[in-house]
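Peer 1: Have a look at the structure that comes next, please.
The values are calculated or read from the model by the stated rules, or taken from the named source; none is laboratory data. The shown structure was predicted, so the numbers you read here are calculated from the model rather than taken from an experiment. Neighbour counts are summed over all protein chains in view; Cβ atoms, including those assigned to glycine, are modelled from backbone coordinates with ideal geometry. All accessible areas refer to the heavy atoms of the entire protein, side chains included, with ligands and DNA or RNA removed. Shrake-Rupley method; radii C 1.70, N 1.55, O 1.52, S 1.80 Å.
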Amino acid sequence: MLETGLILRALARNKIGALLIALQIALTMTIMVNAIFMIQDRQHQMQRDSGLDEANTFYLTNTVFGQDYNIQAHLQTDLHMIRNTPGVIDAIQINAVPLSSSGWSMALQHEPGEDKDAVGSAIYMVDEHAINSMGLELIAGINFTQEDIELRKDGQSTWPAKTIITKAFAENLYPDDWQSAVGKTVYISQTQPMQIIGIVKALQAPWNGWNGVERSMLVPFHRESKGSYYFIRTEEGRRDALMPIIEKALAESDKERIIRRVTTVEDTRKRSYRQHNATNKILTTVVITLTLITGFGIVGLAIFSINRRTKQIGTRRALGATKRQIMSYFMMENFIISAIGNVIGCIGAVGLNMWLVSTFNLSPISFELIAFGVVALFIVGQLAVLYPARKAAMIAPATATRTI
Amino acid sequence: MLVMKNINKIFQTADIQTHALRDFCLQVNEGDFVSVTGPSGSGKTTFLNIAGLLETYTDGEFLLDGEDVGTLNDNGRSRMRNQKIGFIFQGFNLIPDLNLYDNVDVPLRYRGFNAKERKRRIEENLERVGLASRMKHLPSQLSGGQQQRVAIARALATDPRFLLADEPTGNLDSEMAKGVLTLLEEINQQGTTIIMVTHDAELAQRAKRTIQVKDGRVSELEIVSPQMNQAIA
Ligand SMILES: Nc1ncnc2c1ncn2[C@@H]1O[C@H](COP(=O)(O)OP(=O)(O)OP(=O)(O)O)[C@@H](O)[C@H]1O
Ligand SMILES: [Mg+2]
């Protein structure tokens, strides 16, 4: 530009103000980029596929208190009743619900024995209706059959011989070829062999903050337990109507148990990510506030320096500067200050990110995000300086002779 | 050539109207050195500002180098200021953050000269006012007379046809004032037309031509200066 050299040299003689604004820009950049990064990270987490048909599923707890209660028989009649309710696609008994933040985990290993590397996984005890009831997608191998389903007593430590795992789990166990997992024998509880018979596309563990959240396994168990979940999938749009119907039918069919916490999976997701949403709102507010403060800081400094230089601006006009040239002087000055701020800001942003990465196990920031931060702050700077620069351009040339 | 015919200038503030110039008529020829005197508030600065295109006039006709100034927009006036007019101010109006070299550079950049041409002109004009050795100094490191010389170098760097000066010696002691005036005379001898407003009668007399402004009008025209008398005799 026309006057870049002169602007630089004039700035060099008025370092403090410019440097303070540059530092403010740098700080904004550092915090903005990392906050956006954290927001995106959370958003990305929230967007992960749970594997479930979330819009059409709900669950409830079934707690038995009767003495000598035949859990096994009641389970069969309950499931039979629910599955045959018009509008219900399928239903299962299950020990834990994805996204609900409470559940069970086990680990699988390639070789039997202690001290072998084992990979942790959420474990869901279900029957052959699970894939249909949860809306999972079987992408390799086969489903359980009715014969596979075993009865599990509370506290039992032996496991069935078959399992279906998620693709992410298969990739973890067999990094070279996840499909080769089908048919393989792995070991649970260190020594008990278990054959992988199928792979589902996705099914999240109950804990959304766990870095293994995509690793889950289904095992063919009916639980003989006094407390369990029934997980139900309905036809499109019929969930809300069916929830009270099924609750009532279960409650009335048997007075020796209580039906509680009839909850949709959608609500569970909302509750599960409530903290994420709240944090994102706070971070967004921080980013916006900080950007505004920086913008106003730029406006303030520009107005101050223009007021201080009124006579100088008049003189420049007298020497032949057009309004445009006066405006571009201040736009350019701001551009230079922003550039300095952005350079420091990039270093700060990467530095803060490196610290976050090492302290909180976050992934490193992307180049695109830093580029976005740079562009955004240049735009904020130019917008902020627009009004003062226009004001400067409006200073009358006669100011050169009329002011002392 | 500068021609003003019946120029009026009315300043309109919230409730007061000031008629600063009334049917102001003046012709300044190529190569003239005109000094303008007159009481305070008579309209001298207003005249000079209009002549230098810093202010617009309310009505009348103003031709500068044959061009009708009234038809120019703000950009056109800026360009004309840059190309044809050099200003010298009472307060020097140097840019305090820039050294002498850069100060002289300012109008040259607006003109769009390349770096080599600018360097040549800056050095030549600082040389002309005797300050080439202090190019890297800041204005604050110079005396008032030296600062005004830098301002003159800056005004001359664009090769203007007109040099307009509003009390160029007003902030200088008489020694320095005489020095500056001698410099202006040299410049005028080299062909630049000069119009200078001054309160100092002695300095005013040294111009080729003196006019007096009273109540917004030119009250005396064509007073031949003693120097001119001597030259004729
Ligand atoms: N911007 C303005 N608004 C209103 N009135 C103005 C303005 N500028 C000048 N005037 C008025 O116009 C008249 C002429 O002013 P001008 O500055 O031309 O006088 P001057 O001859 O230069 O005086 P001095 O010798 O004191 O510098 C004065 O009455 C002044 O108050
Ligand atoms: Mg005046």
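Peer 1: If you take the square roots of the eigenvalues of the alpha-carbon gyration tensor of the stretch A:169-237 and sort them as a ≥ b ≥ c, do you get rounded (a/c under 1.5), prolate (a/b over b/c) or oblate?
Peer 2: Prolate is the answer for the stretch A:169-237, as a/c is 1.5 or above and a/b outweighs b/c.
Peer 1: So, one more: Using a probe of 1.4 angstrom, how much of the accessible area of the stretch B:2-221 is carbon and sulfur, in percent?
Peer 2: The computed percentage sits at 44.
Peer 1: Give the A-B buried accessible area in Å², both sides summed, 1.4 Å probe, nearest 100.
Peer 2: Between A and B, the summed buried area is about 2600 Å².
Peer 1: Give me, ordered by chain and number, the residues 5 or more places off B:Lys214 or on other chains with an amide H under 5 Å from its own placed amide H.
Peer 2: Here B:Ser219 satisfy the definition.
Peer 1: GluC sites (Glu not before Pro) within the stretch A:177-251: which are DSSP loop residues with at most 12 other Cβ atoms inside 10 Å?
Peer 2: Qualifying residues, ordered by number: A:Glu235, A:Glu236.
Peer 1: Can you give me the orientation-averaged projected area of the convex hull built on the Cα atoms of the stretch B:1-103, in nm²?
Peer 2: Projected over every direction and averaged, the Cα hull of the stretch B:1-103 covers 8.5 nm².
Peer 1: Computing the accessible area with a 1.4 Å probe over protein heavy atoms, can you report the carbon and sulfur percentage for the stretch A:66-255?
Peer 2: 47 percent
Peer 1: To the nearest 10 degrees, how steeply does helix B:100-111 sit against the main Cα axis of chain B, on a 0 to 90 scale?
Peer 2: Roughly 60 degrees, rounded to the nearest 10.
Peer 1: Whole number in Å², please: accessible area per residue of the stretch A:66-255, 1.4 Å probe, ligands, DNA and RNA not counted.
Peer 2: 44 Å²
Peer 1: Report the gain in length on full extension from A:Val299 to A:Ala241: 0.36 nm times residue separation, minus Cα-Cα distance, nm rounded to one decimal.
Peer 2: Stretched fully, the A:Val299-A:Ala241 segment lengthens by 15.2 nm.
Peer 1: Now a separate question. Please determine, in degrees from 0 to 90 and to the nearest 10, the orientation of helix B:144-156 with respect to the longest principal axis defined by the Cα atoms of chain B, where the helix direction is its Cα long axis.
Peer 2: Around 80 degrees separate the two axes.
Peer 1: When the accessible area of the stretch A:298-339 is computed with all protein chains present and a 1.4 Å probe, what percentage of it is carbon and sulfur?
Peer 2: Carbon and sulfur together cover 68 percent of it.
Peer 1: Run the numbers on the stretch B:26-63: which residues show a drop of 50 Å² or more in accessible area, chain on its own versus all protein chains together, using a 1.4 Å probe over heavy atoms?
Peer 2: B:Leu54
Peer 1: Let me ask another. Per residue, what accessible area does the stretch B:2-221 have, given a 1.4 Å probe and all protein chains present, in Å²?
Peer 2: 40 Å²
Peer 1: List the pairs from B:Lys9/B:Lys214; A:Lys311/B:Lys178; B:Lys84/B:Lys136; B:Lys119/B:Lys178; B:Lys136/B:Lys178 whose alpha-carbon separation is above 21 Å, in the order I gave them.
Peer 2: Where the Cα-Cα span goes over 21 Å, the pairs concerned are A:Lys311/B:Lys178; B:Lys84/B:Lys136; B:Lys119/B:Lys178; B:Lys136/B:Lys178.
Peer 1: Another question about this same structure. May I ask you to derive the FRET efficiency for B:His19 and B:Lys136 from their Cβ-Cβ distance with R0 = 51 Å, giving the value to the nearest 0.05?
Peer 2: Here the calculated transfer efficiency is 0.60.
Peer 1: Would you mind checking the tilt of helix A:367-393 against the longest principal axis of the Cα atoms of chain A, expressed as 0 to 90 degrees and rounded to 10?
Peer 2: On a 0 to 90 degree scale, this one is about 30.
Peer 1: Moving to a separate point now. Set the Förster distance to 60 Å, then compute FRET efficiency between A:Gln156 and A:Leu386 from the Cβ-Cβ distance, nearest 0.05.
Peer 2: Working from the Cβ atoms, E equals 0.25.
Peer 1: At what distance in nm do the modelled label points of A:Ala12 and B:Ile10 sit from each other, each positioned 7 Å from its Cα along Cα→Cβ?
Peer 2: Calculated label separation equals 5.2 nm.
Peer 1: Using a 1.4 Å probe, what is the accessible area per residue for the stretch A:276-333, in Å²?
Peer 2: Heavy-atom SASA per residue in the stretch A:276-333 reads 44 Å².
Peer 1: Using Cα-Cα distances under 8 Å and only pairs 6 or more residues apart, what relative contact order does the stretch B:2-221 have, in percent?
Peer 2: Relative contact order for the stretch B:2-221 comes out at 32 percent.
Peer 1: Just to verify a number: FRET efficiency for A:Ala396 and B:Gln205, C-beta to C-beta distance, R0 = 35 Å, to 0.05?
Peer 2: With R0 = 35 Å, the Cβ-Cβ based efficiency is 0.60.
Peer 1: What list of ³J(HN,Hα) values in whole Hz, one per residue of the stretch A:185-201 in order, does the Karplus curve 6.51 cos²θ - 1.76 cosθ + 1.60 (θ = phi - 60°) give from phi, with Gly and Pro shown as x?
Peer 2: Each residue of the stretch A:185-201 in turn: 9, 10, 10, 10, 6, 6, 10, 8, x, 8, 9, 7, 9, x, 10, 9, 4 Hz.
Peer 1: Now for a separate question. How many angstrom lie between the C-alpha centres of the stretch A:282-317 and the stretch A:70-107?
Peer 2: First find each Cα centre; the distance between them is then 63 Å.
Peer 1: While we're on this one: Measuring from label point to label point, each 7 Å out along Cα→Cβ, what is the B:Glu127 to A:Glu368 span in nm?
Peer 2: The two pseudo-label positions are separated by 6.0 nm.
Peer 1: Please list 3J(HN,Hα) in residue order for the stretch A:118-131, calculated via the Karplus relation 6.51 cos²θ - 1.76 cosθ + 1.60 where θ = phi - 60°; whole Hz, with x for glycine and proline.
Peer 2: 10, 10, x, 7, 6, 10, 10, 9, 9, 10, 5, 8, 4, 4
Peer 1: Additional query: Taking amide H positions as placed in the peptide plane 1.01 Å from N, state which residues far from A:Thr166 in sequence (5 or more) or on other chains have amide H under 5 Å from it.
Peer 2: A:Val200, A:Ser216
Peer 1: Based on the alpha-carbon gyration tensor of the stretch B:164-220 and its eigenvalue square roots a ≥ b ≥ c, which shape applies: rounded if a/c is under 1.5, prolate if not and a/b is larger than b/c, or oblate?
Peer 2: Note, shape of the stretch B:164-220 comes out oblate.
Peer 1: Starting from the Cα gyration tensor of the protein assembly as shown, take the square roots of the eigenvalues, sort them a ≥ b ≥ c, and report rounded, prolate or oblate (rounded when a/c is under 1.5, otherwise prolate if a/b is larger than b/c, else oblate).
Peer 2: In terms of gyration-tensor shape, prolate.
Peer 1: Enumerate the calculated ³J(HN,Hα) couplings along the stretch B:83-95 in order (Karplus 6.51 cos²θ - 1.76 cosθ + 1.60, θ = phi - 60°), each rounded to whole Hz, writing x wherever the residue is Gly or Pro.
Peer 2: After applying 6.51 cos²θ - 1.76 cosθ + 1.60, I find 8, 10, 10, x, 10, 10, 10, 4, x, 6, 6, 7, 7 Hz.
Peer 1: At 7 Å along Cα-to-Cβ for each site, give me the label-to-label distance between A:Thr145 and A:Thr279 in nm.
Peer 2: 4.7 nm
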